[in-house]
Structure formats: C-alpha cells, structure tokens
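Asker: Have a look at the structure that comes next, please.
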Amino acid sequence: MVLAQDATTLDVPDVAWSSFAPELLLTAAALVLLLVAIARGRQLLVAAPTGVVAVGLGVWLVSTDVVVPGAVAIVWGLALPAAVFAFPHRGSLVQAWGAGVALAGALVLTGWQFVTVLGDGAGGMTPQSALAGALANDGIAFFTRITVYLTALIVLPLGYGYLRDRRINRAEVEPLLLLAVVGMAALGTANDLITLFVALEVLSLALYVLTGLARRDRRSQEASLKYFVMGAVASAILLYGMALMYVATGSLSLPTIGSVVALAGTNQLVSALGLALVTVGIGFKVALVPFHLWTPDVYQGAPTNITAFMAAATKAAGFAAVLRLYLVAFPGLQGLWAPVLAVLAAASMLYGAYVALVQRDLKRMLAYSSITHAGYATIGVVAVTDAGLSGTLWYLLTYAVSTLGAFGCVIAIERRRRGEVALVDLRGLGRTSPAVAGILALCLLSLAGMPPTAGFVGKFVVFQAGIEAGWTWLVVIGVLSSIVAAFFYLRIAGVMFLETADDDRPLPASSLGLTTGIAVSATLVVFLGVQPQAFLHLADAAAALVR
Amino acid sequence: MEIGYYFILSGLMFCIGLVGVLLRRNAIVLFMCVELMLNAVNLTLAAAARMWAGPDGQVFVFFVIVVAAAEVVVGLAIIVNLYFRRGTLDVDVPQLLRW
C-alpha cells in the first residue's frame, strides 16, 4: 500500500512494467480489436491512429534501450493497419491477424523476459516478485505463459474456417480469446489472493461467453448456462475459502500465508476449512472428479475450437493456480491436502478412463479424457518436490499440444458434417483421408502415452516424480488407467483404419488455417516426444519459485 | 459486538446461498443465490479486515463487488438469450446435453 505522506506529495508506486509486458500487449490488442470491430466500414480511422501510437511508443522504447518490446510494438503497430488495408471487407480476417500477431509478440516478450529479467545466464531462473509482491515472475508464470500463448496461437488458425462455416465468426471472438489468455497468464503470475481471484474471473467470464458463441445452437446455449452456473458457484466457494485463509492468517499474500500457516498457534481449524473450500473451488476449475460434472456437457456443447482452447489452456492455467496455492501458500498443511488430492487424482484417472470407454461422441470422449489427464497432472502436485513441479508443468504442455491436434482433426471432420462427430463417422477414414486419420491417431497415441510421442515423455516424468516422492500406489493406478485409456484410443484408431467407409460419408474439410494448425500441433507432438531435452531443461529450471 | 458473530452470520448466509443453488431450479433464483454467497464472502472479508486492523480485506471487498457486477452482466445475457431460445428459465427443463 502506497499512501501519501502529506497532502501535497504522492509517492508514485514503482511499477516493473517488464514483469507483465506480454499481458499489457494482449490487453491493448484486445481493446483495439474491439474498437476496430465497432468501426465497421471506417476501420482505418481506428487502425491508423492506433498504429501510429503503437509505432511511436515502440520507437520511444527502442530509443530508451528497451529494444525487444519496442520492436514488438512497432511490428504490431504496422501489422494492424496493413491487415485492415489488405482485407478491407473481411473483418474477421483482420481480427484473426491482429490477434495472431499480438500472440506471437507475447511469445517473443516471454522469451525476452526469460533472457533479460529471469535468466541467470546459465539457463537457470532467478524468480522475482513485482508490484509489491502481487505478481511472481518465476517458473510457473514463465511456463504457463508459454503453454497458454502457444495454445491460443494454434487455436486461432484452427478455428477461423470453422467459425466461418458455422456463421459464428463474430467480431467478439478474438478479443474475448485474448482476454481469456490474459486472465490465464495472470493466473500463472498471481502471487496474492486478489490477483488470483481477478485473473480466474477474467478467464472464466470470457470463456462463458465464448462457450455460448453459437447463439442459434441450443446445445451451445445450454453448455454456456451450465458452465456459468457451475463456474459461478465454484468461484464463490473458492472465494469463501480464500476469505477464511485471510481470517486465519491476516494476509492476502501467498508466501506470507505460507509462513503464517506453518507457525504453531495459527487457527488450524479455520485454515483447514479454508483449504477444503479452496480445494473444492479449484477442483471445479481443473475438472477433478467429483467436481467434473460440467466438463462433458460444456466440452460437447461449445464450438469445437473453443473446446480445444478450454481443454488445453484452461487446464494449464488452472494447474498453475493449483501449484502456486498448494506449494507456496499451503506447504505447512501438506499432511492434510496431499492425501486428499491424491485420492481425487486417483478417482479422476479411473473414472475418466472408464467412462470414456462407453462414449460415442468424440468431443465427449475427449472431455472425459481431459478429466483423466487432470488426474495425471495432479500426481506431480502431490509429490511436493521440484521434480513433481516441473513434471506437472511439462505434462500440461505435452497435453496441450496433443489435445489441440486431436481437436483440430475433430474440427476437420465436423466441418463437413456440421454437427456432432460420433465414433461411426470415423469409419474408414484411414482410406478416404489418410492424413487426417494419421494425425488423429498420432495425437490419440500421445494422449494414451505411447512412445515416441510427447505424451509418453509427459507421463514418464510425472510418474517418475510420483515414485521418487513415495506415491507408488498412485502411480500404479495411473499406469492402470493409462492401459484402460490406451484401449479406447486404440479403438478409435481401429475404427479409422480397419473398418470400411460408407460411401456417403463426406470427406473432412481442409483449409489453409486448419491444415497449418493441425500440422504445427502434430509436429510439436513428435518433436517434444523425440527431442524433449531442451524443454525438459526449461521445466527443470522452472522449479524455481517465489516463496 | 463480538467479531465472531459476524463470521457466524456470514457463514449462515453462505450456507443459505449454497443450499439455494442446490435446490432451486429457476436460473434467476440460482443467480441470486450465488450473489448471496458472494456477499457472505464480503461480510467475512470486511469483518476480518477489522479484526486484523489492516486495509487488505476491505480492498479485496471492492474487487469482489466489481467482479460480481461483471458476472451479472455476462450471466444475465446468457439467461436472457436462453429464455428467447426455449421460453423457460427452468434449468432442468429440456436438455439436449445429458448431465
């Protein structure tokens, strides 16, 4: 808190702009894109002045030796008017390019943060806190940013043609997507309860609207209402848990809560109650059994590209909050929460895998598979070691790229059918369109955890961390559930390659954006599986936390 | 008055809201129950801020109020749109998605 010393002077708080530069860029981009959309026929009237301001800001930044953010601002300031000029009558293409360049810029800025602010020169990480401790720039923040920005960057081209085909490519899609991304990245950086709560709501509110994007599709509307009601209740429960933590400790900062909770004489009953409510609330957000009820309906009803985004990015952001809450604020109560989380993880892994077995709808099946994967990622959390922490972060990245590829193939198949994608729709896909079938099989193998894909390395790392921390029974359950899961993933591959196609099945659609998105995620699935060292090293470095 | 009474009152308010969410089926009433839960949290935070004699809890209350307002905007838009689609506010009525 900065308060005025006397009536005439006001202490200006010292703001470390570099600590949230990517989020600043994305927020600005979202607002400008909204303005551009409102301007309709007079887009240049908005885009040109914004471009001038952005370029001017960039030149000023470069002249003060902040070269990389300056360059990003200049590039974005030039790209937006250029896009408006190039596609004067295609508003959604302008939006997509504006958002895409902003997301790429955010990735560049994240790399710049790592080199100049976080890095210690030897590939390790020096965690820092900013804004009087409200933000933590450390491993969780860095890795969450990479996963979320990468996911959004892949989702943009994946969804462009799909939204156009369904006639729901309205102007609010890209700004809302960017705002959700900002919320997720902020959730990864949040180091006090207020920031954490606001970030969680920013991403949730944007996602409620995106889920209900198809206004004429009742499934989308029902999914949106269901997500909203469940999400609002979960937020309220989480918030009450946070309030009880404040009652017990008298602090909102996570590291301070952590040190106070560890002291004897703190009100253990109130902190335990707060911990329980926080676990319920955050369990909803990352979809752990028994708080998973919304997941299948919302994943099935939402437009498929939004589902892909939710599955990959929300999970990463939610687990960032889980890691920070449990490892920074509640390590003193480890004896209480570790067994509970372990049971939740075991239930998620088993329940998700078994229920996915009987699903006929592909999106619903992938939803249950996401519940299973939430269980695997939790193994790294209950390990409470650096290996577990980096294992969870790494696992979420591998899950994100695999699930993006799988949903990309679902989009390809769904676009021609314009409806749900059932298992029978995949019959003979291996003969009629081997590329889509092959990539879908590859991504499913990665979700099942087969070598040489990214999913194998991901599972290997979290299982290893679990064993080292003594959670052998949990890892055994994980392996068992992987075997069950492998069965239904392989069944899809069997339907695609072994059965013959019906003649009247339409072929999967393809467009440049969709092909690019699927190709990039498939490449990442293979690359992270064959050459994981570079990213594994980053994940290890990311175990450095602001505590 | 003892500060503990405020915590008891806010706990009761929270429970009433939670029970309402679980039992009632009208989307607007569900929504009001969620607001009741959020206001219970605000009361807890304000009382705790008094107890710890610091501004943190009161600052948090302002953020909760702002977020609750934003939630009302989004939530009512969703509810109104759904009402136009199917003419009822009962969240259990026709379901295309199985729970």
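The values are calculated or read from the model by the stated rules, or taken from the named source; none is laboratory data. Just so you know, these numbers come straight off a predicted model, no measurement behind them. Cβ placement follows ideal geometry from the backbone for every residue including glycine, while neighbour counts extend to all protein chains displayed. Surface accessibility is based on the protein's heavy atoms, side chains included, excluding ligands, DNA and RNA. Shrake-Rupley method; radii C 1.70, N 1.55, O 1.52, S 1.80 Å.
Asker: Tally the residues that are farther than 13 Å from residue A:81 by Cα, of a type in the set (A, V, I, L, M) and either in contact (Cβ under 8 Å) with a residue 24 or more places away in the chain or exposed (fewer than 15 other Cβ atoms within 10 Å of the Cβ) (or both), restricting the search to the stretch A:38-52.
Answerer: The number of residues fulfilling the criteria is 1.
Asker: A further question follows. List pairs: first residue in the stretch B:15-31 and more than 10 Å from chain A (Cβ to nearest Cβ) and part of a helix (DSSP H, G or I), second residue modelled with pLDDT of 90 or more and open to solvent by 80 Å² or more (accessible area, probe 1.4 Å) anywhere in the structure, Cβ distance under 8 angstrom, at least six positions apart or on different chains.
Answerer: If the second residue must be modelled with pLDDT of 90 or more and open to solvent by 80 Å² or more (accessible area, probe 1.4 Å), the pairs left are B:20/B:32.
Asker: Could you list all residues from the stretch B:69-87 that are small (Gly, Ala, Ser) and more than 9 Å from every other protein chain (Cβ to nearest Cβ)?
Answerer: Passing the criteria: B:69, B:87.
Asker: Restricting attention to the stretch A:462-483, which residues are closer than 20 Å to residue A:532 by Cα and open to solvent by 20 Å² or more (accessible area, probe 1.4 Å)?
Answerer: A:463, A:464
Asker: Quickly run through the stretch B:32-64 and pick out the residues that are aromatic (Phe, Trp, Tyr) and at the interface with chain A (Cβ under 8 Å from one of its Cβ atoms).
Answerer: The answer is B:52, B:60, B:63.
Asker: Ok, one more. Could you grab me the full set of residues in the stretch A:359-417 that are polar (S, T, N, Q), open to solvent by 10 Å² or more (accessible area, probe 1.4 Å) and within 14 Å of residue A:465 (Cα to Cα)?
Answerer: Of everything in the stretch A:359-417, just one residue is polar (S, T, N, Q), open to solvent by 10 Å² or more (accessible area, probe 1.4 Å) and within 14 Å of residue A:465 (Cα to Cα), namely A:385.
Asker: Among the residues of the stretch A:55-70, are any assigned to a helix (DSSP H, G or I), in contact (Cβ under 8 Å) with a residue 24 or more places away in the chain, within 29 Å of the chain's Cα centre (by Cα) and farther than 27 Å from residue A:253 by Cα?
Answerer: yes
Asker: Considering only the stretch A:85-107, state which residues are surrounded by 24 or more Cβ atoms within 10 Å (Cβ to Cβ) and over 14 Å from residue A:171 (Cα atoms).
Answerer: Passing the criteria: A:102, A:103, A:105, A:106.
Asker: I'd like to know if the stretch B:1-12 contains one or more residues that are within 11 Å of another protein chain (Cβ to nearest Cβ), modelled with pLDDT under 90 and assigned to a helix (DSSP H, G or I).
Answerer: Yes - at least one qualifying residue is present in the stretch B:1-12.
Asker: From the residues in the stretch A:530-547 that are part of a loop (DSSP other than H, G, I, E, B) and open to solvent by 70 Å² or more (accessible area, probe 1.4 Å), which one is modelled with the lowest pLDDT?
Answerer: A:547
Asker: Within the stretch A:280-299, restricting attention to residues that are at the interface with chain B (Cβ under 10 Å from one of its Cβ atoms) and open to solvent by 10 Å² or more (accessible area, probe 1.4 Å), which residue is modelled with the highest pLDDT?
Answerer: A:294
Asker: Within the bounds of the stretch A:209-226, is there any residue that is of a type in the set (A, V, I, L, M, F, W, C) and within 18 Å of the chain's Cα centre (by Cα)?
Answerer: yes
Asker: Restricting attention to the stretch A:511-530, and to residues there that are among the hydroxyl-bearing types (Ser, Thr, Tyr) and in contact (Cβ under 8 Å) with a residue 60 or more places away in the chain, which single residue is farthest from residue A:154 (Cα to Cα)?
Answerer: This residue is A:511.
Asker: Still on this structure, please answer the following. Has the stretch A:125-132 got at least one residue that is crowded, with 22+ Cβ neighbours inside 10 Å and among the β-branched types (Val, Ile, Thr)?
Answerer: no
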